[in-house]
């Protein structure tokens, strides 16, 4: 499709319809190419090479593509993060107009810290027990539109906002959370089936 639009290849109308209809991979591929990036197609995503990055070496990122209205499923993200490769795991969420936004996702680990002398957690939630046991201060995140805000010993303002992923939530919900977090300089951490997964907005 990309080559056809550039005039490098001529496709028949039936082929164009086949490749373009609801083809999220093509929408993201085209967007990244038009930004001047080198992109290669994988069975499960797109390999992305940063500018001035040699394509002879490993890719800078693997791009996993999600439709904004789909119910959240982290299985492929968890699998890719579990590989432990140096390349970024980058998520592209695509809307009904084939516009894409991009995020870098990581597993979050919580090193031990301690509460400040005058601090306390106001949350009694079994799913937050790991953080509370490690000395983090957990308070309501309501004013940021999330479940919790999290402090360590060094922080004056909460560096993290935590959202528990409930059944039925869509990728559009994730974009809303990250937008709020980015606007107040906080990292969004999604709590999903025992995993802590951060999402940070990125401009390719």
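Computed quantities for the displayed model
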read-out: Rel. contact order, % - alpha carbon contacts under 8 angstrom, at least six apart, the chain; value: 16
read-out: Beta bridges per DSSP with both ends in the chain, % antiparallel, nearest 5; value: 75
read-out: Fluctuation leader among 126, 69, 86 - the chain, Gaussian network, Cα springs under 10 angstrom; value: 126
read-out: For 162, 41, order by how many other beta-carbon atoms lie within 10 Å, fewest first; value: 41, 162
read-out: Order of 68, 107 under a 10 Å beta carbon neighbour criterion, fewest first; value: 107, 68
read-out: Residue among 55, 63, 178 with the largest mean-square fluctuation in a Gaussian network model of the chain, springs linking Cα atoms under 10 Å; value: 55
read-out: Over the chain: helical MRE at 222 nm, DSSP H runs n ≥ 4 each giving -39500 (n - 2.57), nearest 500; value: -6500 deg cm²/dmol
read-out: Correct choice for Cα Rg over 2.2 N^0.38 Å that was computed from the model, options (1) 1.19; (2) 1.11; (3) 2.04; value: (1)
read-out: Segment 126-198, relative contact order [Cα under 8 Å, separation at least 6], %; value: 22
read-out: Spatial separation of Cα centroids for segment 36-67 and segment 90-126, in angstrom; value: 24
read-out: Tilt relative to the chain, helix 24-34 - C-alpha long axis, 0 to 90 degrees, to 10; value: 80
read-out: Of 82, 135, 181, the one that fluctuates the most in a GNM where the chain has Cα springs shorter than 10 Å; value: 82
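Laboratory data are not the source of any read-out in this text; all were calculated from the coordinates shown. Note that the structure is a prediction, hence the values are computed from the model and not measured. For neighbour counting, all protein chains shown are included, and Cβ atoms are generated from backbone atoms with ideal geometry for every residue, glycine included.
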